[in-house]
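Here the structure comes first, spelled out in structure tokens, and everything after it is commentary.
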Amino acid sequence: MKFIDEFRDPQAVKTLITQIGTALKGVDPSRQPLQIMEVCGGHTHAIFRFGLDKLLPEGIEFVHGPGCPVCVLPRGRIDDAVTLARQPGTLLCSYGDAVRVPGDLGSLLDAKAAGADVRIVYSPLDALALAKQNPDKQVVFFAIGFETTAPATALTLRQARQQGVENFSVLCHHITIGPPLRAILDDPGVRLDGLVAPGHVSMVVGQSPYQFIVEEYRKPVVIAGFEPIDFLTALLGVVRQIADGRAEVENAYKRAVQSAGNAVALRAMAEVFTLAPKSDWRGLGAIDQSGLMLSDAFAEFDAERRFGLKPTQVAEPEGCGCAQVLRGQLRPADCPLFGKACTPSAPVGALMVSSEGACAAYYQYRSPQ
Ligand code: SF4
């Protein structure tokens with residue numbers, strides 16, 4: 001298939017693997033295995049799906065990063081959504097993965113099974129359409145995701161205001177990519193030698209949000225796409241920088257990512273959102289200015305304000321290793337719940353819910369089942 005096969009070409013993969021092995025020879029052996037974080041869950045999935053970690057030479061270990069929005073969704077936020085969904089006259093909608101994540105009150109799918117009107121949508125525009133089709137209901141879109149999905153929410157809210165759709169609101173849990181990376185880099189228990197940065201987010205934000213990593217932490221960052229050639233090219237860039245003693249932001253996904261990002265999307269986000277003082281992250285705790293809330297100009301569409309919702313905070317279930325996996329301190333299979341109490345059909349933690357979650361990817365491609 002055009003635009004796919006060329007990025008999965010076995011010969012090109014072999015060549016890149018050889019080049020990575022050669023570059024590794026230039027890295028001080030005492031630093032090996034290098035700890036390389038693939039920030040994005042899409043990359044985690046690609047590593048396991050294509051068996052890239054098995055092909056690579058010894059000397060590289062992957063740390064699965066926080067770039068899967070479902071995986072970092074805190075349990076308390078799920079409870080907030082379930083609380084709203086249970087209110088009579090409410091129709092709550094969100095993306096497919098988000099409705100499966102369990103909180104203390106169960107998941108949104110559990111709420112649906114108990115009678116709440118919960119719908120899966122593919123975009124916030126679908127949610128807006130539901131609001132227009134159901135004028136007798138309060139339609140709440142549970143908006144999750146990094147800067148990848150935030151522009152679509154912003155453009156939908158613009159439309160809702162232009163069209164005067166008064167029964168539509170957003171429970172906003174959009175988050176930003178820089179602050180969690182800083183939190184992980186500041187953790188003395190975490191060692192990272194370099195990062196492969198997410199292609200999707202970078203299409204919107206460009207290269208600048210990673211600049212602090214090279215300037216303040218002296219770690220190389222290379223932006224990657226999601227096919228094997230994309231990922232291995234970025235990994236080669238990271239290893240070569242480490243071997244050369246460089247720390248720069250490089251873009252190995254130039255066919256999709258502009259260095260300044262997407263100006264239209266960034267403008268829409270700046271108009272509709274503002275940085276929240278603090279946001280909760282599963283496994284990382286509360287991080288200052290890491291999430292987005294609706295700006296005062298769009299406050300009328302804020303579900304929290306409309307329904308007087310007070311954000312809930314909930315501890316992780318006993319034995320859950322999500323926090324350590326998200327910090328690269330535990331391999332998925334070493335969580336005591338992995339494959340026993342926690343499976344894709346009955347997930348305890350969010351890392352088992354999304355196909356981009358490290359535990360789900362590990363379970364699907366690695367465990368004997
Ligand atoms: Fe979390 Fe389940 Fe993975 Fe354990 S196995 S880290 S509980 S998702």
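Spatial offset of the range 95-148 relative to the range 241-266 amounts to 34 Å, using the alpha carbon center of each.
Its Cα centre serving as origin, the chain has a Cβ charge dipole (Lys and Arg +1, Asp and Glu -1) of approximately 380 debye.
Between Asn134 and Glu271, the simple spin-label model (points 7 angstrom out along Cα→Cβ) gives 2.8 nm. Calculated FRET efficiency, Gln87 to Val264, Cβ-Cβ distance, R0 = 51 Å: about 0.90 to the nearest 0.05. Peptides 342-354, 2-14 ranked from most to least packed, by the mean per-residue count of other Cβ atoms within 10 Å: 342-354, 2-14.
Computed extension length for Gln19-Ser123: 33.4 nm, one decimal, from 0.36 nm per residue of separation with the Cα-Cα distance subtracted.
Under unit Cβ charges (Lys, Arg +1; Asp, Glu -1), what dipole magnitude, rounded to 20 debye, does the range 123-280 have relative to its Cα centre?
Details: 14 positive and 16 negative charges, 51 e Å.
Result for the range 123-280 is approximately 240 debye, rounded to the nearest 20.
Gain on full extension, evaluated as 0.36 nm per residue between Gln162 and Asp28 minus their Cα-Cα distance, stands at 42.3 nm.
Ordering His64, Gln364, Pro336 by Cα displacement along the dipole of the chain toward the positive end leaves Gln364 in first place; charges were set at the Cβ atoms of Lys, Arg (+1) and Asp, Glu (-1). Here the Karplus curve 6.51 cos²θ - 1.76 cosθ + 1.60, taken at θ = phi - 60°, turns the phi angles of the range 132-143 into couplings of 6, 7, 10, x, 7, 10, 8, 9, 10, 9, 7, 8 Hz, with x standing for Gly and Pro.
Taking the mean number of other Cβ atoms within 10 Å as a proxy for protection, how do you rank 80-86, 287-293, 214-220 from highest to lowest? Don't skip to the answer; put the middle values down first.
On the way: 80-86: 23.3, 287-293: 19.1, 214-220: 15.9.
Highest-to-lowest ranking by the protection proxy: 80-86, 287-293, 214-220.
Take each peptide in 67-74, 115-122, 92-99, count the other Cβ atoms within 10 Å of every residue, and average; sorted highest first, the result is 67-74, 92-99, 115-122. Looking at the chain, the DSSP beta bridges with both ends there are about 25 percent antiparallel. Ordered by the count of other Cβ atoms within 10 Å of each Cβ, fewest first, Ser355, Ser169, Ser208 give Ser208, Ser355, Ser169. For the chain, the longest principal axis of the C-alpha atoms and the axis of helix 75-85 are separated by about 30°. Annotation: amide H-H contacts under 5 Å for Glu248 (H modelled 1.01 Å from N, sequence separation of 5 or more, or interchain): Val221.
In order along the range 309-315, the phi-based Karplus estimate (6.51 cos²θ - 1.76 cosθ + 1.60, θ = phi - 60°) of 3J(HN,Hα) comes to 7, 9, x, 9, 10, 9, 6 Hz; Gly and Pro are listed as x. Between Ala333 and Ala315, residue separation times 0.36 nm minus the direct Cα-Cα distance comes to 4.3 nm.
Values in this text are rule-based calculations from the coordinates and carry no lab data. These numbers come from a predicted model, not from an experiment. Positions of Cβ are backbone-derived with ideal geometry, glycine not excepted, and every protein chain shown enters the neighbour counts.
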